[in-house]
Amino acid sequence: MPPADLRGFALAEARLTSFDRQFAADARIQRPDRYRLLDALPPQQRRIARGGGVSYVAASFGDDAVSVDMRAFDRLLAFDIHTGLVCVEAGARIGDVQRFLLPRGWYLPVAPGHPRATIGGCIAADVHGKNPARDGTFRALVEELQLHVPGRGLLSLDVRHERDLFDATCGGFGLTGTITRATLRLTRPPRAIALRRVPVDDLAQAARVLREAANARVLYGWHDGRPAHFGRGVVRIGLSDDDARPRKHDASAARDLPATIRPLPLPLWNRHGIALADAWLSRRWCKPGLDVIDLTEALFPLNDARLYFAGYGKAGLAELQWLLPHPRFEAFAAALTERVARDQPRIALISSKLFDGITQSFAFDGKGISLALHLPDPAQSSQRAFCEAVAELAIAHGGRPNPIKDSTLEATTMRRAFADFDAQRAALLRHDPERRFGSEMTRRLGL
Amino acid sequence: MSAHATSAAASTAVIVGASSGLGRALATELARRGQALLLVASDARDLQALANDLALRFEATVATLALDLAREPDPGARILAARGELPPLSALLLPVGLSLADDDFSLPAARIGELLSINLHAPHAIVHALLPALREARGTIVLFGSIAAARGRGRNVVYASAKRALESLYESLRQAHPPRALHVQLYRLGFLATNLTWGMKLPMPASDPADIARHVAYRLGKRSFARYLPRRFALVAAIVRALPWFAFRRMRG
């Protein structure tokens with residue numbers, strides 16, 4: 001039970017676990033459901049905003065901070081059907097927002113795979129969607145946002161007012177304040193997505209296919225992670241198709257991937273399980289072909305991945321995601337292939353994407369090809385050693401890590417990966433000199 | 001940008017305490033059913049956000065009134081004045097309440113007054129003011145009591161007293177009006193999953209306010225009654241009342 005003097009501040013304790021299951025903590029959680037409760041915590045109380053709680057890493061709890069659970073702030077505040085602007089509270093789930101917008105002829109082109117991610121979380125993590133080379137990252141959609149800062153109240157930010165704080169908040173991991181609402185620019189959706197499959201023999205070929213399809217609405221590769229077949233896979237290229245009739249797809253909220261997935265008692269992703277799954281996926285996907293799918297199916301592919309995530313068992317997974325500059329990608333891919341052949345790690349999934357943005361702050365953006373590797377049981381010594389080897393290789397080839405995905409990243413790796421680490425960190429912390437915001441993730445990364 | 005409010009709702013429901021918990025769930029459920037709404041709560045920011053959301057999602061007609069029930073001498077008059085162009089009144093729902101952790105004979109007089117203002121004076125004053133319009137519409141008054149009022153204990157002292165007084169208001173309303181002239185419904189609520197119970201270790205699961213709201217909305221405009229919700233709390237209340245005094249005195253928590 002919360003202490004008597006904190007009743008009404010909606011403060012309680014609960015055990016929280018990161019989505020990748022690499023970190024768990026008994027956290028104090030404040031659950032404001034009214035605006036005045038945003039001011040209920042003492043101003044000096046260390047805190048961090050929490051949205052859907054679906055970050056791979058512990059971005060919304062830990063480090064003695066009170067987690068401010070923003071899920072009650074999930075209302076639609078304004079929508080202009082003519083100009084394509086929507087204003088929503090930060091706790092609104094992106095799947096719900098898309099379900100509201102799509103029948104009205106609009107959508108958010110940048111959406112992470114999990115429909116329970118909140119708008120505030122998407123901004124704070126500056127997430128990317130199904131083709132960041134075409135659509136950019138989430139910050140590209142943000143016209144204006146409102147930030148709660150203890151002692152200063154609710155601040156309205158955009159590129160004209162408090163530009164510095166606005167920029168630091170987008171991709172700022174919640175370290176500048178608690179995002180309470182945002183106005184977002186929308187895009188007209190296609191009626192359907194014609195999803196073409198292009199088989200590739202290796203990562204270098206995948207990079208070439210990705211670069212040639214830069215303007216597709218959906219663009220990503222799936223690759224086999226087994227040493228004997230490393231990099232073989234398929235690139236999926238989704239183009240707008242306003243004439244086709246997509247196959248039927250249940251896009252209701254009831255189908256959304258849960259925020260917490262109960263792990264299977266016996267993990268699936270041992271060598272045999274990975275071999276079976278990859279062989280099945282190779283036969284099903286790695287051949288030329290075309291599927292016409294509903295846009296919601298393309299936006300939230302993780303809704304079909306409940307068993308996949310449960311299959312990691314209690315030991316969980318690590319997602320290593322690195323963005324390699326174009327000139328260095330082929331060399332990196334070759335070195336990685338060699339390393340995988342030598343270390344024989346278990347890799348359950350590899351995906352590739354194309355990026356064409358600018359590097360700023362610690363955001364996962366730039367010009368190049370990203371690779372995401374899902375490794376089961378990352379605490380196991382050989383798996384852990386492989387994670388470190390990937391980081392070494394990526395840094396040697398000019399790679400940028402994705403801090404919001406990778407729980408194996410440490411502060412020393414961050415400093416080596418970001419040449420301007422101290423300057424970027426100082427720019428972020430300038431808005432919170434008293435260090436009132438922080439999470440396990442920001443502590444681990446030395447932010 | 002502006003929210004649209006284009007409902008053709010034929011009547012209005014007033015919800016007092018609409019910005020959070022059960023009140024917010026009731027507003028959402030009634031808007032989903034096409035009811036025009038006048039939402040009353042203490043903070044205009046919460047009300048405006050909710051009103052915009054309901055207008056956008058359900059094309060509901062929603063008006064709001066920010067009112068501090070702890071200090072407002074005549075909340076009923078303020079609500080009457082705020083009806084504006086809304087359709088005629090058909091229902092008054094009062095899911096309003098405040099409980100304090102230190103409501104255990106240690107409250108100063110001002111805090112006792114605040115609790116009574118919100119939990120007792122406001123429902124009375126609002127019912128009195130809106131009664132003529134509700135009678136004219138053969139409308140419904142929905143009062144919300146609490147399991148805490150089943151038997152007085154050393155905690156929730158003022159809150160439970162006020163909630164038990166609402167039982168008397170319920171009886172008075174029913175006694176004074178023929179069944180078809182006015183519907184009066186009293187829900188004695190068990191534990192709800194709201195901020196008041198957030199983090200508390202409860203002896204039984206808390207109900208989702210959305211489930212309670214669906215139940216209340218479905219029975220709006222139907223006959224008068226008093227009942228526990230969830231229904232299992234009727235048994236809990238009966239057991240608590242049947243306990244011999246020596247056993248009841250030993251109950252803590």
Study note, to complete from the structure: Most exposed first, judged by fewest Cβ atoms within 10 angstrom, A:405, A:314 run A:314, A:405
Check your understanding: Of A:248/A:405; B:163/B:201; B:163/B:222, which sit over 29 Å apart, Cα to Cα?
Key -> A:248/A:405
Review point. Across region A:294-307, in residue order, what do the Karplus-derived ³J(HN,Hα) couplings come to in whole Hz, using 6.51 cos²θ - 1.76 cosθ + 1.60 with θ = phi - 60° and x for Gly and Pro?
Key: 5, 4, 5, 5, 6, 6, 10, x, 5, 4, 9, 10, 4, 5
Review point. Reachable aspartates and glutamates from residue A:314, Cα under 14 Å, same-chain residues fewer than 8 places away excluded?
Key: A:20, A:377
Study note, to complete from the structure: To the nearest 10 degrees, the tilt of helix A:381-396 (Cα long axis) against the first principal axis of the alpha carbons of chain A is 90
**Study point:** Tilt relative to chain A, helix A:326-343 - C-alpha long axis, 0 to 90 degrees, to 10
**Key:** 70
Study note, to complete from the structure: Summing -39500 (n - 2.57) over every DSSP H run of at least 4 in chain A, dividing by its residue total and rounding to the nearest 500, the 222 nm mean residue ellipticity is -7500 deg cm²/dmol
Exercise for review: Would you please give the FRET efficiency between residue A:341 and residue A:443, computed as 1/(1 + (r/R0)^6) with r the Cβ-Cβ distance and R0 = 35 Å, to the nearest 0.05?
Suggested key: 0.45
Exercise for review: Whole Å is fine, so just give me how far the alpha carbon centre of region A:247-284 lies from that of region B:95-163.
Suggested key: 51
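Per residue, what volume in Å³ does the Cα convex hull of region A:64-151 take up?
In region A:64-151, the Cα hull volume divided by residue count equals 120 Å³.
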Exercise for review: Any chance you could check the Cα centroid distance between region A:376-447 and region A:6-67 for me, in angstrom?
Suggested key: 22
Check your understanding: Looking only at region A:170-198, which residues have a backbone nitrogen under 18 Å from a spot 7 Å from the Cα of residue A:245 in the C-beta direction?
Key -> A:191-195
Review point. Taking Cα pairs under 8 Å and at least six residues apart, what relative contact order does region A:164-290 come out at, in percent?
Key: 31
Review point. Which whole-Hz couplings ³J(HN,Hα) result when phi for each residue of region A:350-356 is put into the Karplus expression 6.51 cos²θ - 1.76 cosθ + 1.60, θ = phi - 60°, listed in order with x for Gly and Pro?
Key: 10, 10, 10, 9, 9, 10, 8
Revision key, fill the gap. For region A:20-35, in residue order, the Karplus 3J(HN,Hα) values (coefficients 6.51, -1.76, 1.60; θ = phi - 60°; whole Hz; Gly and Pro = x) are 8, 6, 8, 8, 9, 7, 7, 10, 8, 10, 9, 10, x, 10, 9, 4
**Study point:** chain B: relative contact order in percent, alpha carbon pairs under 8 Å with at least 6 residues between
**Key:** 18
Study note, to complete from the structure: Once normalised by the length of chain A, the mean sequence separation of its alpha carbon contacts under 8 Å that are 6 or more apart gives a contact order in percent of 17
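What is the sum of charges around residue A:312, taking Lys and Arg as +1, Asp and Glu as -1, for the other residues whose C-beta is under 10 Å from the C-beta of residue A:312?
Working: positive: A:21, A:314; negative: A:20, A:377.
Within the 10 Å Cβ shell, the charges total 0.
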Review point. Given H placed 1.01 Å from N in the peptide plane, which residues other than close sequence neighbours of residue B:38 have an amide H under 5 Å from its amide H?
Key: B:13, B:14, B:15, B:63
Check your understanding: Angle between the Cα long axis of helix A:271-285 and the longest principal axis of chain A, 0 to 90 degrees, nearest 10?
Key -> 80
Point to revise | For region B:171-188 versus region B:211-248, the gap between their alpha-carbon centres in whole angstrom | key: 17
Check your understanding: At a Förster distance of 22 Å, what's the computed FRET efficiency of residue B:153 paired with residue A:14, Cβ-Cβ distance as r, to 0.05?
Key -> 0.20
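Read the figures in this text as sums done on the coordinates, not as results from a lab. Given the structure is predicted, the values throughout are model-derived calculations rather than measurements. Please note: Cβ atoms are built from the backbone with ideal geometry, for glycine as well, and neighbour counts cover all protein chains shown.
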